[in-house]
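Trainee: The following block contains the structure, expressed as structure tokens.
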Amino acid sequence: MAAVLPDLAPWRSSPDFRLLFHQGTVTYFGSFMAMIALPLQIKHLTDSPFAVGAMGAVELVPLVVFGLYGGALADAVDRRRMILLTEAGLGVLALVLLVNALLPHPMLWPLYVVAAGVSALTGLQRPALDSLMARIVPHDQQTAAAALNGLRHQFGAIAGPSLAGVVVAYAGYPAAYSVTVVGFLVSVLLCLRLRPAPPVAGAARPSLRGIAEGARYAWSRPVLLGTYAVDLAAMFFAFPNAVYPFLADELDAVWALGLMYAAGAVGSLLLGLTSGWLSRVRRHGLLVVCGATVWGLAVAAAGWSPDIWLVLVCLAVAGAGDMLSGLGRGTIWNQTIPEELRGRLAGIEVLSYSVGPQLGTVRAGAMAGWTGTRTAFWSGGLACVASVALLAALLPKLVSYDAGTDEDARLRRAEKEGEEPVFQP
């Protein structure tokens, strides 16, 4: 049984990991509350799948620009300070949503402005947050840490959407946004307790040249390139969240909308709760490919399912596949990238797992408007499977990656063993 349960080694070995675990749990819960309320409010104001899908287009450019710049900043400044300031900024934007929702006639344009602002701040924050994990968690505990972070994320992804539908239906949008504001306030207080995380000695100032250096490193590593490409393809073709409200209408199951948003997180949570065996896996590239394939097949099956309960099961399976792929990606990133490039590579990682969903939101909304909701589901799922298979064939080093023999992973392990005493409390 112990071989199946989550590996708690990172929790025991790193006080900062425990703090970030609590901070992330609170943040994710509040963020997912707003994440569901925001598109619902746009749908309420416009009743248009194009308007909901346009949110992804509004978020795309800030995410790309600030994600890359945030990666360069994360290598040059104190990562704790970056996390703290951006978390406070996200709280301010949540307050804007609350004020707008309290107006007698809430306006549409502030919703898009806030969506763009959240995207920009997320792009700045995530490289610092993601690159910090490799510093505060021992090298051989990275998969376990990714699994625990996944559990943290899925708690918010289940509780937030599930309660958001109820809160919006019975208490209105202001109540949902109030929960988000309080969540960010608590998160900022927790971030204040993190230890400083200064850059490495001699770190270069943020610059286009530095960003290009990180991009060249990623391009020179087929394994890294494969993780980015597979995730982009999977999310672009098979991210149907924007059309959940319309599928719920078609199935006469508006009551299940919150469950649809939460179903993927349930599947991810179940995988996370039985993730102990993953600490012994060394073929993390294979996890990336297999997980993305399961994701695509399950999304396609959801589009064919005539019953809401079958849809929920398919979405749960999709979530488990996404979690499996994410664990593989996160482990490869944290086990192979040099410390002096972690921020810039984390910026590229942000683009790989964030730009895909934004583009996928636009694709799903546009296709649903042109060809129907169900077609947007099953065609995207099948395109995902085909693209992942093609990428696996073009990048065989991703599938054959082995943490025990890969040269970069072995070098990072040796460096980490020498650095660990510096970061002990």
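The values are calculated or read from the model by the stated rules, or taken from the named source; none is laboratory data. No experiment lies behind these values; they were computed from the predicted model shown. No Cβ is skipped: glycine too gets one built from the backbone with ideal geometry, and neighbour counts run over all protein chains shown. With ligands, DNA and RNA removed, areas are computed over all heavy atoms of the protein, side chains included. Shrake-Rupley method; radii C 1.70, N 1.55, O 1.52, S 1.80 Å.
Trainee: Give the residues of the range 101-115 that are in a loop (DSSP other than H, G, I, E, B) and not aliphatic (A, V, I, L, M), sorted by residue number.
Mentor: Within the range 101-115, PRO104, HIS105, PRO106 qualify.
Trainee: Could you check, for the range 366-388, whether at least one of its residues is under 19 Å from the mean Cα position of the chain (by Cα), over 24 Å from SER268 (Cβ atoms) and part of a helix (DSSP H, G or I)?
Mentor: no
Trainee: A follow-up question, please. Taking only the range 332-346 into account, find how many residues are surrounded by 24 or more Cβ atoms within 10 Å (Cβ to Cβ) and either over 16 Å from VAL137 (Cβ atoms) or within 18 Å of the chain's Cα centre (by Cα) (or both).
Mentor: Result for the range 332-346: 8.
Trainee: How many residues are more than 23 Å from LEU98 (Cβ to Cβ), open to solvent by less than 40 Å² (accessible area, probe 1.4 Å) and at pLDDT below 85 when one looks only at the range 11-55?
Mentor: 3
Trainee: Only one of (1) within 27 Å of THR361 (Cα to Cα); (2) surrounded by fewer than 22 Cβ atoms within 10 Å (Cβ to Cβ) fails for PRO104. Which number is that?
Mentor: (1)
Trainee: Can you name the residue in the range 167-196 that is open to solvent by less than 80 Å² (accessible area, probe 1.4 Å) and free of Cβ contacts under 8 Å to residues at least 12 places away in the same chain and is also farthest from ILE36 (Cα to Cα) among such residues?
Mentor: The residue in question is ALA171.
Trainee: List every residue pair whose Cβ atoms sit under 6 Å apart, with the two residues 6 or more apart in sequence or on different chains, where the first one lies in the range 328-346 and is aliphatic (A, V, I, L, M) and the second, anywhere, is open to solvent by 10 Å² or more (accessible area, probe 1.4 Å) and in a helix (DSSP H, G or I).
Mentor: LEU341/TYR217; ALA346/ASP130
Trainee: Would you be able to say whether some residue in the range 41-60 is farther than 30 Å from ALA175 by Cα and of a type in the set (Lys, Arg)?
Mentor: So far as the range 41-60 goes, no, none of its residues is farther than 30 Å from ALA175 by Cα and of a type in the set (Lys, Arg).
Trainee: What are the residues in the range 259-275 that are open to solvent by 10 Å² or more (accessible area, probe 1.4 Å) and more than 18 Å from the chain's Cα centre (by Cα), if any?
Mentor: Within the range 259-275, LEU259, LEU273, THR274 qualify.
Trainee: Which ranges mark the helices (runs of 4 or more DSSP H) fully within the range 5-77 that have 3 or more residues being under 18 Å from the mean Cα position of the chain (by Cα) and small (Gly, Ala, Ser)?
Mentor: Answer list for the range 5-77: 15-46, 49-76.
Trainee: Okay, next question. Hey, any hits in the range 230-242 for a residue that's part of a loop (DSSP other than H, G, I, E, B), of a type outside the set (Phe, Trp, Tyr) and open to solvent by 20 Å² or more (accessible area, probe 1.4 Å)?
Mentor: No: the range 230-242 contains no residue that is part of a loop (DSSP other than H, G, I, E, B), of a type outside the set (Phe, Trp, Tyr) and open to solvent by 20 Å² or more (accessible area, probe 1.4 Å).
Trainee: Which one of these is in contact with a Phe, Trp or Tyr (Cβ under 6 Å, 6 or more places away or on another chain) and either surrounded by 19 or more Cβ atoms within 10 Å (Cβ to Cβ) or of a type in the set (Lys, Arg) (or both): ILE136, ILE83?
Mentor: Only one candidate qualifies: ILE136.
Trainee: Only residues in the range 370-393 that are open to solvent by 40 Å² or more (accessible area, probe 1.4 Å) count as the first member; pair them with residues that are in a helix (DSSP H, G or I), Cβ under 6 angstrom, at least 6 apart or cross-chain, and list the lot.
Mentor: Going by the 6 Å Cβ cut-off, the qualifying pairs are ARG374/GLY303; TRP378/ALA300; TRP378/GLY303; TRP378/TRP304; LEU382/ALA300.
Trainee: Then there's this: Select from the range 151-164 the residues that are closer than 19 Å to VAL254 by Cα and open to solvent by 30 Å² or more (accessible area, probe 1.4 Å) and write down the one among them that is modelled with the highest pLDDT.
Mentor: LEU163
Trainee: Taking the range 56-95, which residues are modelled with pLDDT under 85 and under 25 Å from SER178 (Cβ atoms)?
Mentor: Of everything in the range 56-95, just one residue is modelled with pLDDT under 85 and under 25 Å from SER178 (Cβ atoms), namely GLU59.
Trainee: Keeping to the range 128-167, report how many residues are assigned to a helix (DSSP H, G or I) and more than 21 Å from GLY319 (Cβ to Cβ).
Mentor: 13
Trainee: Now for a different question. Search the range 214-227 for residues that are more than 20 Å from SER325 (Cα to Cα) and pair each with any residue that is in a helix (DSSP H, G or I) and open to solvent by 50 Å² or more (accessible area, probe 1.4 Å) when their beta-carbon atoms are under 9 Å apart and the residues are at least 6 apart or on different chains.
Mentor: GLY214/LEU68; ALA215/LEU68
Trainee: So, one more: Filter the range 187-215 down to the residues that are in contact with a Lys or Arg (Cβ under 8 Å, 6 or more places away or on another chain), within 21 Å of LEU84 (Cα to Cα) and assigned to a helix (DSSP H, G or I) and list them by number.
Mentor: Of everything in the range 187-215, just one residue is in contact with a Lys or Arg (Cβ under 8 Å, 6 or more places away or on another chain), within 21 Å of LEU84 (Cα to Cα) and assigned to a helix (DSSP H, G or I), namely CYS191.
Trainee: Further question: Here's a check for you: in the range 276-331, which residue that is open to solvent by 20 Å² or more (accessible area, probe 1.4 Å) and part of a loop (DSSP other than H, G, I, E, B) is farthest from ASP252 (Cα to Cα)?
Mentor: Within the range 276-331, the match that is farthest from ASP252 (Cα to Cα) is ARG282.
Trainee: Further question on the same structure: Across the range 256-281, what is the total count of residues that are farther than 25 Å from GLN141 by Cα and either modelled with pLDDT under 80 or not aromatic (Phe, Trp, Tyr) (or both)?
Mentor: 8
Residues are listed down the side, and each one gets a yes or a no for (1) hydrophobic (A, V, I, L, M, F, W, C); (2) modelled with pLDDT under 85; (3) in contact with a His (Cβ under 6 Å, 6 or more places away or on another chain):
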position	(1), (2), (3)
LEU189	yes, no, no
ARG195	no, no, no
ALA201	yes, yes, no
GLY210	no, yes, no
TYR217	no, no, no
LEU225	yes, no, no
ALA229	yes, no, no
ALA234	yes, no, no
PHE237	yes, no, no
